[in-house]
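K.L.:
Before I ask anything, here is the structure I am working with.
The values are calculated or read from the model by the stated rules, or taken from the named source; none is laboratory data. No experiment lies behind these values; they were computed from the predicted model shown. Here the Cβ is made from the backbone with ideal geometry for all residues, glycine too, and neighbour counts use every protein chain on show.
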Amino acid sequence: MSRTNAGKKKRILVTGGSGTLGYNVIARLTRNHSYSIVAPVRDLQARVVSEFGDKVQFIRHELSDAVHTAQMFGSVSADVIVHCAASGLRTPQRSWFDLMQFNVESTMRLFQMNCRFDHDSHFIYISTGLVYRELQRPLREDDPIETLHPYGASKAAGDSMLQAAAAEFNRRLTIFRPFAFTGLHDGGRRLFPLILDAAVQGRKQELTAGTQVRDFCAASDIADAIALAIETEQRSLIEKFNLGSGSNAPLREVILGVCDELELKVDLEFGAVKMQPYEPHHSVADIGCAAQKLGWKPRTRLAYAVWELAQDIAPSLKLRKPQRYATA
C-alpha cells in the first residue's frame, strides 16, 4: 500500500472537537508532529481547548453560521477536513427539524466552502452505522442506506449528498460509518457514561431489555482508522468504510461482560425502558473493507475503553484494570 509523503506538512481542520470522536481524533492526530491542526469550536473554554493547548489552533466558530464558515475557509487553507461535528447523540438534543438542518445543511456548507476555497483537499465525513436498512446480518458499505431513525436519517442525507457532490465536483471524499462506540470523553445520556454515573451515585440504572444486537468499538480505534485514511493514498475518488468491532452479541450480554470484567458494582434494571422508535434490533458492521484498504482492525478491548473512561469521569470507582488489547 502506498503512502503519502511522510515529510509533507499537512494542515488538518477537525470539526466537533468537543464531542467523543472529535476529541479522540484530535488526540490521535497531535501525536504526529508533521500535522498542523485547526479546530473550530463553539466554546473556547471547552475542556478540549485547555487539554490540547498550543498543540492545536482553536477557532471560536459556529458551524451553522454561513458567513463565519466562509470566513474560516478563507483564512484556513486545509489539506484535510475531518468533519466530526454532529447533533443528536448528546444532550441537549435539538428538535427533529433542527437536527436535520444542522447535520445536513452545515455539512453541505462545509463541503461547498471546501470546493470554493481549496482545490486538492481531502474531505473526511463521519457518518454512522445507523444509516443502513436493518438486514439481520453484518452490514457492508454497499448495503442500502434506508432508515427512519432521526439521527441516522440526518447523517444518511449528508452521506448521500456528499457522494453526489464529490462526483460532480471531482473532490476526494472518504466516508466513515462507525457503529456503537465509547471511550475517553464519552458523555451526555450515552450508555456507558450513564452506567458509570449510576455506580458513583449508588442508584439504579434503568435500561432496555438489552436483546438488541450491538457492535461496540473503542473511540480511539475509530480515530486510528481516520488517521490511516489521512496517511494512505486513496485508490478511488469516493471511499466508504464501516468501523466496528465485528462482534455480534446482545447488548445485555455486552454490558454484563464489561461490568464483570471491571468488577463494576451497579444496579441495572433491564427491561425498564422501551427501545426508541426506529432503533435497530441488529446493528453490526462488516469491517472487511477497512481491513483490506486501510490495513485497519480494532485493537482496544471494550472493557478497557470503559475503564479508561471511568478513570476520567468516575475516578472514585475502584475498578479492576483490564487488558488493553485482545490477544491475537
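K.L.:
Residue 120 - would you say it is over 18 Å from residue 42 (Cβ atoms), of a type in the set (Asp, Glu), surrounded by fewer than 17 Cβ atoms within 10 Å (Cβ to Cβ) and more than 16 Å from the chain's Cα centre (by Cα)? Even if it seems obvious, please write down each step before you answer.
P.N.:
On the way: over 18 Å from residue 42 (Cβ atoms): yes; of a type in the set (Asp, Glu): yes; surrounded by fewer than 17 Cβ atoms within 10 Å (Cβ to Cβ): yes; more than 16 Å from the chain's Cα centre (by Cα): yes.
So residue 120 passes the test.
Each row is one residue, and each column tells you yes or no for (1) in a strand (DSSP E or B); (2) among the aliphatic types (A, V, I, L, M); (3) in contact (Cβ under 8 Å) with a residue 60 or more places away in the chain; (4) in contact with a Cys (Cβ under 6 Å, 6 or more places away or on another chain).
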position: 112; (1), (2), (3), (4): no, no, no, no
position: 125; (1), (2), (3), (4): yes, no, no, no
position: 148; (1), (2), (3), (4): no, yes, yes, no
position: 175; (1), (2), (3), (4): yes, yes, yes, no
position: 195; (1), (2), (3), (4): no, yes, yes, no
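K.L.:
Scan (1) closer than 24 Å to residue 148 by Cα; (2) free of Cβ contacts under 8 Å to residues at least 24 places away in the same chain for the single condition residue 297 breaks and write down its number.
P.N.:
Among (1) closer than 24 Å to residue 148 by Cα; (2) free of Cβ contacts under 8 Å to residues at least 24 places away in the same chain, residue 297 violates only (1).
K.L.:
Any idea which of (1) within 23 Å of residue 10 (Cα to Cα); (2) aromatic (Phe, Trp, Tyr); (3) under 21 Å from the mean Cα position of the chain (by Cα) is the one residue 73 doesn't satisfy?
P.N.:
With respect to (1) within 23 Å of residue 10 (Cα to Cα); (2) aromatic (Phe, Trp, Tyr); (3) under 21 Å from the mean Cα position of the chain (by Cα), residue 73 is out only on (3).
K.L.:
Please state which one of 98, 43 is more than 19 Å from residue 223 (Cα to Cα), without any contact (Cβ under 8 Å) to a residue 24 or more places away in the chain and over 16 Å from the mean Cα position of the chain (by Cα). Show your work before the answer.
P.N.:
Working: 43 fails: without any contact (Cβ under 8 Å) to a residue 24 or more places away in the chain.
Result: 98 is the single residue among 98, 43 that is more than 19 Å from residue 223 (Cα to Cα), without any contact (Cβ under 8 Å) to a residue 24 or more places away in the chain and over 16 Å from the mean Cα position of the chain (by Cα).
K.L.:
Counting just the residues of the range 144-186 that are of a type in the set (Lys, Arg) and buried (at least 23 other Cβ atoms within 10 Å of the Cβ), which one comes out farthest from the chain's Cα centre (by Cα)?
P.N.:
Here is the first cut: in the range 144-186, the residues of a type in the set (Lys, Arg) are 155, 171-172, 177.
From the residues that got through so far, the ones that are buried (at least 23 other Cβ atoms within 10 Å of the Cβ) too are 155, 177.
On the way: 155: 12, 177: 8 Å.
Of everything passing the filter in the range 144-186, 155 is farthest from the chain's Cα centre (by Cα).
K.L.:
Under 6 Å between Cβ atoms, at least 6 apart or on separate chains: pull out the pairs that start in the range 242-266 with a residue that is at pLDDT 95 or above and part of a loop (DSSP other than H, G, I, E, B) and end on any residue that is exposed (fewer than 15 other Cβ atoms within 10 Å of the Cβ) and not polar (S, T, N, Q).
P.N.:
263/320
K.L.:
Now a separate question. Can residue 67 be described as part of a helix (DSSP H, G or I), touching a strand residue (DSSP E or B) at 6+ places or on another chain (Cβ under 9 Å) and either at pLDDT below 90 or not aromatic (Phe, Trp, Tyr) (or both)?
P.N.:
Details: part of a helix (DSSP H, G or I): yes; touching a strand residue (DSSP E or B) at 6+ places or on another chain (Cβ under 9 Å): no; either at pLDDT below 90 or not aromatic (Phe, Trp, Tyr) (or both): yes.
It is false that residue 67 is part of a helix (DSSP H, G or I), touching a strand residue (DSSP E or B) at 6+ places or on another chain (Cβ under 9 Å) and either at pLDDT below 90 or not aromatic (Phe, Trp, Tyr) (or both).
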